[in-house]
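Below is one structure; the comments refer to it alone.
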Amino acid sequence: MNLKTKIALSLLFFGTMGLQVSAQKTASQYLSGTGKDDGVLWDFYVSEGMNVGKWTKIPVPSNWEQQGFGKYNYGFNKEADKGKEVGQYKYRFKVSDAWKDKLIQIVFEGSMTDTEVKINGKLAGAIHQGSYYVFKYDITKLLKFGEENLLEVNVAKHSANKSVNAAEREGDFWVFGGIFRPVYLEALPQHHIERVSLDAKADGTFRAKIKTVGEADEIAVQLFDAKGRKFGKQLRTKLSDKNNWVEGQFSSPQLWSAEFPNLYKAQFTLSKNGKVQHQLEQKFGFRTIEVKERDGVYVNGVKVRFKGVNRHAFVPESGRTTSKEVSIADVKLMKEMNMNAVRMAHYPPDNHFLAVCDSLGLYVMNELAGWHGHYDKEVGTKLLREMMVVSENNPSVVFWANGNEGGHNPDFDPIFAEEDIQKRAVIYPWAVHDGFETTHYREYNYGIGTYDHGHNIIMPTEFLHGMYDGGHGAGLEDYWKAMLANPLAAGGFLWDFRDQGIVRTDKGGIIDTDGNRGPDGIIGPHGEKEGSFFTIKEVWSPIFFEKREMTEGFDGSFHIENRYSFTNINQCTFSYELKKLGGYEEVKATKSGTIVAPNIRPGDKGILKVDFPTGWEDFDVLYITAKDVHQQELFTWSFPITLPNQVASSLLKPNGTGDIAVQETANAYLVKANGISYQINKTSGLLEQVQNAKGIIPFKNGPVLQEATTNYKNFKLNREDGKVIIASTFDKKDSYNTLRWEILASGQLKMHVQYFPESYFTRFVGVNFDFPEDQIEGVEYRGMGPYRVWKNRMKGNQFGVWKKKYNNTATGESTFEYPEFKGYHANMYWTKFIGKDQSFRVFTDREDVFLRLYTPKEQQDTEWKNMEPTFPKGDISFMNGISAIGTKTQKPETTGPMGMKHVYYDFEKEPSRALHMVLYFDFEN
């Protein structure tokens, strides 16, 4: 491949480097690609594993495992022969004669792990240890200008420094090898600006610490707004040392926050005797971050709560090698979930990720790498400074994290303070440190004394540890209510963003999550949205709707709360849509309109008034959509208007006067009406067989009670009002649960069960039927959808008519096909079961009925037994109560009140206190 040369055109990639080609600007020449999609081929040799022992080609940047080299290993895999291969790289390049008078540096944005660099056979400098940091060497004297140069790089995947391995390579994530971020040359004037450190406050105060190299006598700074217009007067200062300060005051700057990410640009000009020596530009934002002891975190004078997530840099095909496009997509997905913060777990990210957080608006906790081990002081000090040099000016960075979960080194705390002129807080994730309580995976009731009666700012840096379908959205509503109610709660960070499923080049391209270690994400490896994605989106919506029933006479007033920090509700936009529903994708009628956004300040409550059109009561559902100031959807809320009893009435066929034939055998009642035949056991009352003109429908063996005794007894058959009724007899001692069948002349079948759960505490209750899994192709239903729910994850869906094809998705583990078919579905009005041979419909006149479709495939869980996703017996169930789900580290009941078991009380078995399940069956095809 030809030499790939690019001049730096984007500040996303170059931080404090210049942007134009001139004698005074920093010029750049790429030796690699810029990301995962444009790698440049270098010569390559690997010492162990796949494709060992031969010189070939590899794209740079990349992780070599993903190019078919070396060995795979997950961080916990610490066997002596795993992950210790060494890669050798060679690349030939030319440097223009025009750069002869420049200082030339070779820059590596990230290399895993120990990296030795040679230019034309000579060492560029000491071996660099540490994977996730930008490092560079002055190679001016090693280059041949106008001629071919040889770059040789040796990369040892396993570091010779034990502390580096403890911090980076023995954690709960995949570990890789290779030059995985870009490599380029930068050419600077001999007299140049080496480093700029900015501090721009919300009051317009501007300070810059400038480190220079060479000779110069003056530095000037001119600010520009987002449209490129000059902002304020130019600042100038005479240089007295290699470290100089420029200070000024600017009037009424547009402030930076996650809600309004206003950016400015500072242009720095270094001069000597009036002649420009060097010029560079740096984006920044005016904002003030303040931690108030025993109070909270304030941004621009406003207390904020962080709605955050932990994020690894990860792409299934390319490992830790990403791209600017990946960064943009990830941040947009976080913003779509109404998140405002992200923690860089467990290492600094690509520079372009922070730039995207700056421009789109996310608060960032940038983290020195560490898991349960940390860097020693010598190597860690160097790496910490490398991290801060490239990220200190990103306005999105509001915290530093010193390692993770015991991987903290207090020796570094003074360095944070020394290097950071903004004096941002240093967090110890999973610890109590400097006024912050960040304990991971705290139980909901973890500490009346620690939290509700505590004194530290509460900000768990990891909570609700997702695994498969557990955690994340499950429990979040309870946690968030508690956090909103506690003045010391500063929010927290979910674990984690994406399932870390790697495409295995040694296993035919399968996606491997290393069992249950990697499937911890809210989204799948390729961004597939799980149900929790939408739960988070609703729970963390900055506009909160109080519950509202669409009753007769409703005047259209919705009580809402503004949970923004800086945005007035009148800066958002609202619209509504009324729908008359039919079948799937069948809308019989619709009306829509806009809603005037009320004036509700952050933190206040108010009324959103919908001016309904005449006849709105005749529609089935109301949808209200809110969009933010940037016209991004916050959420669409749905409010059913028509109730199940009204829909059931419309689905009941005229009974007519047709004859209902009845035959009794020794064991069963045989009833036939309008071509539909039913066989009901005379002793148990269970439905044994259904047949219509097309044949037998394999729906049977119900209703069997779940978490209650199926003790229907003493059935009797009689005719009443043109119906055949088969009903059990109530007896408080022996047959307190009752079943009543009604066979209508239309052929439709009504079932009414009254029952009492056996336990005071119970996971779920309802009735079960058999319907072989190999006989179903899908369902169409009216209710909340399209995602399944848990008792502690009810939000995120919309009311409507949904159609789902059968799938056997194991959430977070295989196929990643969402929404899952199997599981619990909320607020069922009716369901059409689509079988391979024929279909039938079940509907109800009762509210709050859950539909259960089979039992999801059991995922690999050899280490953790906390999720306990429990399901009833049988295949198809209609439930009055469903089970909750736990997380990787917590049982369901410790995630909050919604995760606890149901409580039913009636030891006396009084019929007036029984649970009811009413279903209608229509087996006419």
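Within the stretch 397-448, being in contact (Cβ under 8 Å) with a residue 60 or more places away in the chain and of a type in the set (Ser, Thr, Tyr) holds for 441, 444. Apart from one condition, residue 304 fits all of (1) surrounded by fewer than 19 Cβ atoms within 10 Å (Cβ to Cβ); (2) over 24 Å from residue 347 (Cβ atoms); (3) within 23 Å of the chain's Cα centre (by Cα); the exception is (1). When 521, 509, 515, 531 are screened for being within 29 Å of the chain's Cα centre (by Cα), under 25 Å from residue 463 (Cα atoms), surrounded by fewer than 16 Cβ atoms within 10 Å (Cβ to Cβ) and among the small types (Gly, Ala, Ser), only 515 passes. Take residues that are outside the structural domain of residue 813 (by TED's automatic domain parsing) and of a type in the set (A, V, I, L, M) and tell me which of the strands (runs of 3 or more DSSP E) falling wholly in the stretch 518-602 contain 3 or more. Strands (runs of 3 or more DSSP E) meeting the threshold: 587-595.
Contact map, the stretch 880-894: residues that are within 30 Å of residue 844 (Cβ to Cβ) paired with residues that are in a helix (DSSP H, G or I), Cβ distance under 7 Å, separation 6+ or inter-chain. Pairs shown: 884/892; 884/898; 884/899; 885/892; 886/892; 886/895; 892/899; 893/899. Given the condition touching a Phe, Trp or Tyr at 6+ places or on another chain (Cβ under 9 Å) and closer than 30 Å to residue 897 by Cβ, answer yes or no: does some residue in the stretch 380-391 qualify? For the stretch 380-391, residues touching a Phe, Trp or Tyr at 6+ places or on another chain (Cβ under 9 Å) and closer than 30 Å to residue 897 by Cβ: absent.
Do you know which of the residues in the stretch 499-513 that are in contact with a helix residue (DSSP H, G or I) (Cβ under 9 Å, 6 or more places away or on another chain) and of a type in the set (A, V, I, L, M) is nearest to residue 523 (Cα to Cα)? That would be 502.
The residue list 604, 555 contains one member that is acidic (Asp, Glu) and more than 22 Å from residue 484 (Cα to Cα), which is 555. I'd like to know if the stretch 330-348 contains one or more residues that are among the basic types (Lys, Arg), more than 20 Å from residue 434 (Cα to Cα) and not assigned by TED's automatic domain parsing to the domain that holds residue 260. Yes, that holds for at least one residue. Name the residues in the stretch 603-627 that are hydroxyl-bearing (Ser, Thr, Tyr), outside any strand (DSSP E or B) and over 16 Å from residue 555 (Cα atoms), would you? Scanning the stretch 603-627 gives no hits. Scan the stretch 57-85 for residues that are small (Gly, Ala, Ser) and modelled with pLDDT of 95 or more and the total you get is 3.
Within the bounds of the stretch 491-500, is there any residue that is surrounded by 19 or more Cβ atoms within 10 Å (Cβ to Cβ), touching a strand residue (DSSP E or B) at 6+ places or on another chain (Cβ under 8 Å), under 23 Å from residue 330 (Cα atoms) and of a type in the set (S, T, N, Q)? Checked the stretch 491-500: at least one residue is surrounded by 19 or more Cβ atoms within 10 Å (Cβ to Cβ), touching a strand residue (DSSP E or B) at 6+ places or on another chain (Cβ under 8 Å), under 23 Å from residue 330 (Cα atoms) and of a type in the set (S, T, N, Q).
A search for C-beta distances below 6 Å between a residue of the stretch 564-584 that is closer than 29 Å to residue 614 by Cβ and any residue that is in a helix (DSSP H, G or I), counting only pairs 6+ apart in sequence or on different chains, returns 578/616.
If we keep just the residues of the stretch 900-925 that are outside any strand (DSSP E or B) and hydroxyl-bearing (Ser, Thr, Tyr), which is farthest from residue 651 (Cα to Cα)? Filtering the stretch 900-925 for residues that are outside any strand (DSSP E or B) and hydroxyl-bearing (Ser, Thr, Tyr), the one farthest from residue 651 (Cα to Cα) comes out as 905. Quick check on the stretch 115-132: of everything there that is in contact with a strand residue (DSSP E or B) (Cβ under 7 Å, 6 or more places away or on another chain) and charged (D, E, K, R), which residue is farthest from residue 347 (Cα to Cα)? Filtering first and then ranking leaves 118. Scanning the stretch 119-156 for residues being in contact with a Ser or Thr (Cβ under 7 Å, 6 or more places away or on another chain), part of a loop (DSSP other than H, G, I, E, B) and free of Cβ contacts under 8 Å to residues at least 40 places away in the same chain gives a total of 1. When each of 287, 305 is tested for being basic (Lys, Arg) and out of contact with any helix residue (DSSP H, G or I) (no Cβ under 9 Å at 6 or more places or on another chain), the lone residue that passes is 287. Restricted to strands (runs of 3 or more DSSP E) entirely inside the stretch 646-764, those with at least 2 residues that are of a type outside the set (A, V, I, L, M, F, W, C), in contact (Cβ under 8 Å) with a residue 60 or more places away in the chain and surrounded by 14 or more Cβ atoms within 10 Å (Cβ to Cβ) are 700-706, 749-755.
Within the stretch 312-357, count every residue that is surrounded by fewer than 24 Cβ atoms within 10 Å (Cβ to Cβ), basic (Lys, Arg) and closer than 22 Å to residue 483 by Cβ. Count: 1.
One residue alone among 233, 209, 265 is out of contact with any strand residue (DSSP E or B) (no Cβ under 7 Å at 6 or more places or on another chain), assigned to a strand (DSSP E or B) and surrounded by fewer than 21 Cβ atoms within 10 Å (Cβ to Cβ), and that residue is 233. Just one residue in the set 379, 397, 426 is in contact with a helix residue (DSSP H, G or I) (Cβ under 8 Å, 6 or more places away or on another chain) and surrounded by fewer than 20 Cβ atoms within 10 Å (Cβ to Cβ); that residue is 379. Filter the stretch 212-230 for residues that are assigned to a strand (DSSP E or B) and of a type in the set (A, V, I, L, M) and give the result. 213, 219, 220, 221, 223, listed by residue number. The single residue among 407, 380, 435, 373 that is assigned by TED's automatic domain parsing to the domain that holds residue 522, at positive phi, of a type in the set (Gly, Ala, Ser) and over 20 Å from the mean Cα position of the chain (by Cα) turns out to be 435. If you check residue 386 against the conditions, is it buried (at least 23 other Cβ atoms within 10 Å of the Cβ), among the charged types (D, E, K, R) and at pLDDT 95 or above? Considered against the rule, which asks whether it is buried (at least 23 other Cβ atoms within 10 Å of the Cβ), among the charged types (D, E, K, R) and at pLDDT 95 or above, residue 386 comes out as no.
A quick yes/no check of all residues on (1) surrounded by fewer than 20 Cβ atoms within 10 Å (Cβ to Cβ); (2) out of contact with any Gly (no Cβ under 8 Å at 6 or more places or on another chain):
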| site | (1), (2) |
| --- | --- |
| 404 | no, no |
| 413 | yes, yes |
| 433 | yes, yes |
| 436 | no, yes |
| 442 | no, yes |
| 453 | yes, yes |
| 472 | no, no |
| 476 | no, yes |
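Pairing residues of the stretch 790-801 that are in contact (Cβ under 8 Å) with a residue 60 or more places away in the chain with residues that are assigned to a loop (DSSP other than H, G, I, E, B) and surrounded by fewer than 21 Cβ atoms within 10 Å (Cβ to Cβ), at Cβ distances under 6 Å and at least 6 apart in sequence or on separate chains, gives 801/584.
The values are calculated or read from the model by the stated rules, or taken from the named source; none is laboratory data. Remember, it's a predicted structure, so these values are computed and weren't measured experimentally. Note that each Cβ is placed from the backbone with ideal geometry, even for glycine, and that neighbours are counted across all protein chains shown.
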